[in-house]
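Colleague: The structure is given below, and queries will be raised subsequently.
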Amino acid sequence: MNISLIVLNYNDYITTCKFIENIRDYKIINKIIVVDNNSTDDSYEVLNKYSNDKVIIIKTPRNGGYSYGNNYGIKYAINNYNSDFLIISNPDVFFEENVIRSMVNIYNMYDKVGIVSPVMKNTKLQNVLSAWKLPLFKDDIILSFSILNKIFGNPVRYSKEELPNDVNVVDVLSGSFFMISRIAIQDVDYFDEDTFLYCEERILSYKLKSKGYNNILLINQNYVHYNSISINKSISIKSRVKRYKILQESRMIYLCKYLKINKIEQVFFRIVTTLGIIEQSIIEYIKMIKNKIIQ
């Protein structure tokens, strides 16, 4: 059994260095492959200080986003180390070594397993959204507006009753930390690189389910996620509106390429996006005013 962990870095070597230090002695991991996604700071040079037989530092020729960077690392792991299992991880997470053992055991116990992931917790050790249902077109309309989310609730969230077991088959798992087999990731032709950021996990999950794979959430295992530090450090998507635009672009790729929505639905979703941008701009403005009043 050969396990490689893939972690992306972009202009955040401090977080990535801490992550490497936390997991480099985990014996169950054969290789830690750090993919610097063409950072504009001196990340690559700093990270190279950790390079050894186990920790491999590589750099992409361009910043193609989450899917591109992870595919770069996955293919490197498979081609150079013949990895049986790949762990995809953000640098801003923490997990114990036994969590990996539990994930591997699922592949030994069940047939046709796609993604396996434990429950995600925040820094207060509270459970946060770790798995959700594949969105339909109407769901993405609701998800596009903060006000509709408050009125109708999250349409893709699982209830507690829908996740009754220690091992649950779900649609989508968070992309911040999960395991996938080499067989499964190759069978679905890796991540879809049309998306730069957001919706990668839903598209990967859609492709896996279409091929008959089961995605598994482990209720009795967990990891801690420290609030998307790497995303928030990216200069190009600092503002709420810019992040929203990227999210909507990724949703549109999913809706058109995988759900095959028609032309009228595409036009309607673009109108929804425009209205959503206005809503996000208002929210951002209100927050700015509140901050000024507090100061």
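Colleague: How many of the residues making up the stretch 187-207 are within 11 Å of Leu134 (Cα to Cα) and within 13 Å of the chain's Cα centre (by Cα)?
Modeller: Adding up the residues that qualify gives 6.
Yes/no per residue for (1) touching a Gly at 6+ places or on another chain (Cβ under 6 Å); (2) of a type outside the set (Ser, Thr, Tyr); (3) part of a loop (DSSP other than H, G, I, E, B); (4) under 28 Å from Met252 (Cα atoms):
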residue: Pro91; (1), (2), (3), (4): no, yes, yes, yes
residue: Val99; (1), (2), (3), (4): no, yes, no, no
residue: Asn105; (1), (2), (3), (4): no, yes, no, no
residue: Asn108; (1), (2), (3), (4): no, yes, no, no
residue: Asp111; (1), (2), (3), (4): no, yes, yes, no
residue: Ile115; (1), (2), (3), (4): no, yes, no, yes
residue: Met120; (1), (2), (3), (4): no, yes, no, yes
residue: Pro135; (1), (2), (3), (4): no, yes, yes, yes
residue: Lys138; (1), (2), (3), (4): no, yes, no, yes
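Colleague: Let me ask something else about it. Considering the stretch 36-86 alone, what residues qualify as being out of contact with any Asp or Glu (no Cβ under 9 Å at 6 or more places or on another chain), β-branched (Val, Ile, Thr) and not in a helix (DSSP H, G or I)?
Modeller: Matches in the stretch 36-86: Thr40, Val55, Ile56.
Colleague: Of a type outside the set (A, V, I, L, M, F, W, C), assigned by TED's automatic domain parsing to the domain that holds Val167, surrounded by fewer than 20 Cβ atoms within 10 Å (Cβ to Cβ) and at positive phi: which single residue out of Asn82, Asn63, Asn48, Asn98 fits that description?
Modeller: Just one listed residue meets the conditions, Asn82.
Colleague: If you don't mind, there's one more thing I want to ask. When the stretch 22-43 is examined, which residues are found to be crowded, with 17+ Cβ neighbours inside 10 Å and either among the hydroxyl-bearing types (Ser, Thr, Tyr) or free of Cβ contacts under 8 Å to residues at least 12 places away in the same chain (or both)?
Modeller: Tyr26, Ser39, Ser43 - these are the residues of the stretch 22-43 that are crowded, with 17+ Cβ neighbours inside 10 Å and either among the hydroxyl-bearing types (Ser, Thr, Tyr) or free of Cβ contacts under 8 Å to residues at least 12 places away in the same chain (or both).
Colleague: Another one. Quick check, is Lys18 closer than 23 Å to Asn227 by Cβ, basic (Lys, Arg) and assigned to a helix (DSSP H, G or I)?
Modeller: Answer is yes for this residue.
The values are calculated or read from the model by the stated rules, or taken from the named source; none is laboratory data. Computed from a predicted structure; not experimentally measured. In this analysis, Cβ positions are derived from the backbone assuming ideal geometry, glycine residues included, and neighbour counts consider all displayed protein chains.
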